[in-house]
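Report on one structure; see the data block that follows.
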Amino acid sequence: MSASRRPALLATDPELASFVAAEEVLQAQTLRLIPSENYVSAAVLEASGTVLQNKYSEGYPGRRYYEGQQNIDRVEALAIERAKGLFGVDHANVQPYSGSPANLAVYLAFAKPGDTVMGMALPMGGHLTHGWGVSATGSWFRGVQYGVQQDTGLIDYDAVRDLALAERPKILFCGGTALPRTIDFAAFASIAEEAGSVLVADVAHIAGLIAGGAHPSPAGHVDVISTTTHKTLRGPRGAMLMCREEHAKAIDKAVFPGLQGGPHNQTTAGIAVALHEAAQPSFTAYAHAVVANAKALAAQLLERGFDLVSGGTDNHLILIDLTGKAVPGKTAAKALDRAGIVVNYNTVPFDTRKPFDPSGIRIGTPSLTSRGLGVDHMPQVADWISRAVDAAAKGDERALAAIRAEVTDLMSAHPAPGLPLS
Ligand SMILES: *Cc1c(COP(=O)(O)O)cnc(C)c1O
């Protein structure tokens with residue numbers, strides 16, 4: 001692989017070009033298991049790196065504050081139509097710069113500073129932007145949090161209802177970043193209705209599974225769907241807010257002019273392409289394969305004595321609790337990285353360790369599935385993880401290097417979308 005794919009960049013800034021080329025090698029050679037990451041297609045990459053970058057487009061298609069929008073309007077309108085079709089919603093806003101600003105726009109649309117908002121606690125698998133203390137959403141709003149049951153690792157919907165009725169939050173979030181199980185949107189909808197809350201499904205992690213029919217859809221159950229576009233949906237880094245017609249004005253006003261200036265048109269183009277790809281039968285197969293791989297990998301890990309939060313997975317994500325192992329999450333994550341397996345360390349529910357050095361690691365199958373790995377490969381993947389965690393406990397760097405060589409071998413046989421062939 002080389003930087004020659006980018007001759008202008010190489011000529012102008014060889015130092016930066018070398019970093020990009022090195023990243024291509026890293027992404028090609030490693031087994032990437034971070035569940036919020038993926039590989040975009042070459043088509044998405046091309047759409048995202050265009051002269052659409054050069055254009056200011058404050059406003060919405062047909063209602064802009066700058067002239068010269070003949071083409072930009074078509075790009076954004078196409079992305080909107082595709083989002084509406086794919087997710088079965090009345091309205092879509094494709095301008096949020098990323099998932100966090102998308103959620104901030106939801107607060108701006110439906111709450112005032114100091115209002116009570118409710119979401120899953122961060123250490124239980126929720127997201128920072130659901131009212132957690134260190135986030136602006138937790139300091140400007142009064143965040144109350146629900147969690148999972150200690151024995152099952154599952155959401156206790158009765159407890160969520162009790163808290164919601166006691167607190168009457170303006171906004172109720174469902175969804176999170178470390179939830180291995182299916183979200184019951186209908187159950188949340190009945191709770192939100194009783195409590196008088198605006199219900200937001202933050203499906204950043206599972207949007208691709210929903211699009212591909214491998215997870216139930218929140219459409220029809222919730223007021224607002226918030227999602228990133230770069231996780232299982234396999235688009236560029238960005239976000240979307242989708243809602244029923246009654247909330248369309250509030251959402252659009254909150255994104256622009258409430259929170260943002262000009263949309264990133266090159267990203268909008270990449271989102272449009274990703275949505276087109278996600279509407280194909282091959283993507284339905286992809287989404288189901290992601291889940292099948294995760295279930296197979298979870299079963300293989302259980303066989304090797306790993307403790308999984310909630311005992312397994314329904315989706316793309318597995319949360320491994322290493323409390324019973326000789327190494328904590330961060331040590332394991334760093335050892336796995338040296339073995340060519342990229343994961344993140346993560347808190348587990350009721351973690352007794354600190355967030356910066358927690359008990360768990362979080363893994364997922366979106367990226368490896370994009371490279372064409374299937375359930376037959378999952379025993380091998382589980383084996384590598386198991387061997388690497390054992391090696392970490394013994395400080396056996398040679399074992400980690402040996403795993404890395406095996407990983408590189410398998411990865412070179414499964415080229416990743418969007419990357420040059422090695
Ligand atoms: C990833 C994620 C976000 C935030 O997305 P960024 O693009 O990183 O700001 C928000 N909510 C959930 C549930 C997420 O998983």
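The values are calculated or read from the model by the stated rules, or taken from the named source; none is laboratory data. The structure presented is a predicted model; accordingly, all values stated were derived computationally and were not measured. Cβ atoms come from the backbone with ideal geometry, glycine included; neighbour counts cover every protein chain shown. Each accessible area value is taken on the protein alone, full model and side chains, heavy atoms only, with ligands, DNA and RNA left out. Shrake-Rupley method; radii C 1.70, N 1.55, O 1.52, S 1.80 Å.
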- Message: Whole angstrom only: what separates the Cα centroid of the range 30-54 from the Cα centroid of the range 73-140?
- Response: 21 Å
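If the convex hull of the alpha-carbon atoms of the range 350-410 is projected onto planes in all directions, what is the mean projected area in square nanometres?
Convex hull of Cα atoms, orientation-averaged projection: 5.6 nm².
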- Message: Suppose accessible area is computed on protein heavy atoms with a 1.4 Å probe; arrange 249, 84 from highest to lowest.
- Response: 249, 84
- Note on the structure: Here D for the range 299-411, in µm²/s, from Stokes-Einstein with a Kirkwood Rh over Cα pairs at 10 °C and 1.306 mPa s, works out to 112 µm²/s
- Query: Which shape class, rounded, prolate or oblate, goes with the range 28-151 when its Cα gyration tensor gives a ≥ b ≥ c as root eigenvalues, a/c under 1.5 marks rounded, and past that a/b bigger than b/c marks prolate?
  - Reply: oblate
- In the chain, what percent of the accessible surface is made up of carbon and sulfur (1.4 Å probe, ligands and nucleic acids excluded)? 55 percent
- Message: So, for the chain, what is the accessible surface per residue at a probe of 1.4 Å, expressed in square angstrom?
- Response: 41 Å²
- Could you tell me the accessible area of residue 411 in Å² (1.4 Å probe, neighbours in place), rounded to the nearest ten? 0 Å²
- Note on the structure: Sorted on mean Cβ neighbours within 10 Å (highest first), peptides 151-164, 225-238 come out as 225-238, 151-164
- Run through every distinct alpha carbon pair of the range 216-324 and return the Kirkwood hydrodynamic radius in angstroms, one decimal place. 16.7 Å
- Message: What are the equivalent ellipsoid semi-axes of the range 177-278, built from the alpha-carbon gyration tensor (square roots of five times its eigenvalues), in whole angstrom, biggest first?
- Response: 23, 19, 10
- Can you tell which of 263, 53, 104 lies farthest toward the positive end of the dipole of the chain, using +1 and -1 charges on the Cβ of basic and acidic side chains (Lys, Arg; Asp, Glu)? 53
- Once the dipole of the chain is set up from charges on Cβ (+1 Lys and Arg, -1 Asp and Glu), the residue from the list 26, 296, 232 lying farthest towards its positive end is 26
- Query: Which of the aspartates and glutamates could a cross-linker bridge to residue 330, judged by Cα under 18 Å and excluding same-chain residues fewer than eight apart?
  - Reply: 307, 321, 351, 357, 390, 396, 397
- With viscosity set to 0.692 mPa s and temperature to 37 °C, compute the Stokes-Einstein D of the chain, Rh being the Kirkwood radius across alpha carbon pairs; µm²/s, no decimals. 148 µm²/s
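Where the eigenvalues come from the Cα gyration tensor of the range 92-184, what are the semi-axes √(5λ) of the equivalent ellipsoid, largest first, in whole Å?
Largest first, the range 92-184 gives 22, 16, 12 Å.
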- Could you tell me which chymotrypsin sites (Phe, Trp or Tyr not before Pro) in the range 317-422 are loop residues by DSSP with no more than 16 other beta carbons within 10 angstrom of their beta carbon? 350, 356
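Report, in debye and to the nearest 20, how large the dipole of the range 5-132 comes out about its Cα centre when Lys and Arg carry +1 and Asp and Glu carry -1 on their Cβ.
220 debye
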- Item | Gyration tensor verdict on the range 258-318 (Cα atoms; rounded if a/c is under 1.5, prolate if a/b is larger than b/c, oblate otherwise) | oblate
- Task: Quote the relative contact order of the chain in percent (integer), defining contacts as alpha-carbon pairs under 8 Å separated by 6+ residues.
- Result: 22 percent
